[in-house]
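Notes follow once the structure below has been shown.
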Amino acid sequence: EMLPSLDNFISYGSDVIKQRPNYKGMILDIYTTAMRSEQLGEADRVNACKLIESFLLNLRGDVDDALPPVIQQSLQVLNTEATLALRLANLGTLVNAGLYNPAAALQIMERTEPGAARTFFEKWFEALRAEKGFARVHDLKLSIMTMCALLEVDASAIPATLQEGWITIVSTALEVFKKLPQAVESKLAQYYYISTPPYFYS
């Protein structure tokens, strides 16, 4: 119930939040509490992922301190049994972290758990190709932007476990570009159907 309001605060009040470390801390605390609390369920964790996604996207460059705990928390969920919705939302958090600061995100992943960056890439690319995976326009656009950001990373910052298959980013990006028009068309068709009065079809 809090997510829409909090998302609006972050989206439209980002300039204020940037100046208030305590506000940033509160948002990060909401995320970590929702992800760890035994009193909350997977639906709450999905919403927490959506919240932190808005946080990273709207405050890019101003919440560097939040990146390690967000990535560390996401990696804990990455290899656990969870619903499809939570797995995708959690993957989305890591993709957002990669867009926020690609070199730092890769380093944090490897420091947290050696080989974690490779595992993330495998699950991310799998979700992009799966029938029930990253199919939304937002997911595809975010993935393309993150891949482009990753391709700009200096070779010295790429983990050794990723260097051999780094070029697959290019081929995967091309696949996503091909899927994007269909996703946009599907979204427009859905919007048109919802917004058109029923009598139009009679």
Which of LYS24/LYS179; LYS123/LYS178; LYS50/LYS141; LYS18/LYS141; LYS50/LYS123; LYS18/LYS179 exceed 27 Å between C-alpha atoms? The answer is LYS24/LYS179; LYS18/LYS179
Among ALA130, ALA104, ALA116, which one moves the most in a GNM of the chain with springs linking Cα atoms closer than 10 Å?
ALA130
With +1 assigned to the C-beta of every Lys and Arg and -1 to the C-beta of every Asp and Glu, and no other charges, what is the dipole magnitude of the range 115-182 about the Cα centre in debye, to the nearest 20?
300
Beyond 17 Å, what share of the Cα-Cα pairs of the range 46-125 is found? Please give it as a whole percent.
37
Based on Cβ point charges of +1 for Lys and Arg and -1 for Asp and Glu, what charge dipole magnitude is obtained for the chain about its Cα centre, in debye rounded to the nearest 20?
360
Which of [x] 1.14; [y] 0.99; [z] 0.95 is the computed Rg/Rh (Cα atoms, Kirkwood Rh) for the structure on display?
[y]
Which residue, GLN163, GLN76, GLN39, has the most motion in a Gaussian network model of the chain that connects Cα atoms within less than 10 Å?
GLN39
Return the tail of the calculated pair distribution for the range 1-91, meaning the percent of Cα-Cα pairs more than 19 Å apart.
35
Order of 48-57, 117-126, 18-27 by packing, highest average Cβ count within 10 Å first?
48-57, 117-126, 18-27
Treat each spin label as a single point 7 Å out from the Cα along the C-beta direction, and report the GLU152 to MET26 distance in nm.
3.3
So the FRET efficiency between LYS178 and GLU1, C-beta based with R0 = 30 Å and rounded to 0.05, is 0.20
What area, in nm² and to one decimal, does the C-alpha convex hull of the range 86-186 cast on average over all directions?
6.0
Tell me the carbon and sulfur percent of the accessible area for the chain, rounded to whole percent, probe radius 1.4 Å.
56
Solvent-accessible area per residue for the chain at a 1.4 Å probe radius, Å²?
58
For the range 113-176 versus the range 68-85, the gap between their alpha-carbon centres in whole angstrom:
17
Residue separation times 0.36 nm, minus the C-alpha to C-alpha distance between GLN163 and ARG129: what's the value?
10.1 nm
Give me the Å³ per residue figure for the convex hull around the C-alpha atoms of the range 94-143.
62
What number, in percent, do you get for the relative contact order of the range 23-85 if the mean sequence gap of Cα pairs under 8 Å and at least 6 apart is divided by its residue count?
36
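The values are calculated or read from the model by the stated rules, or taken from the named source; none is laboratory data. Every value quoted in this text rests on a predicted model; they were computed, and no experiment measured them. Using ideal geometry, Cβ is built from the backbone for each residue, glycine included, and neighbour counts are taken over all protein chains shown. Surface accessibility is based on the protein's heavy atoms, side chains included, excluding ligands, DNA and RNA. Shrake-Rupley method; radii C 1.70, N 1.55, O 1.52, S 1.80 Å.
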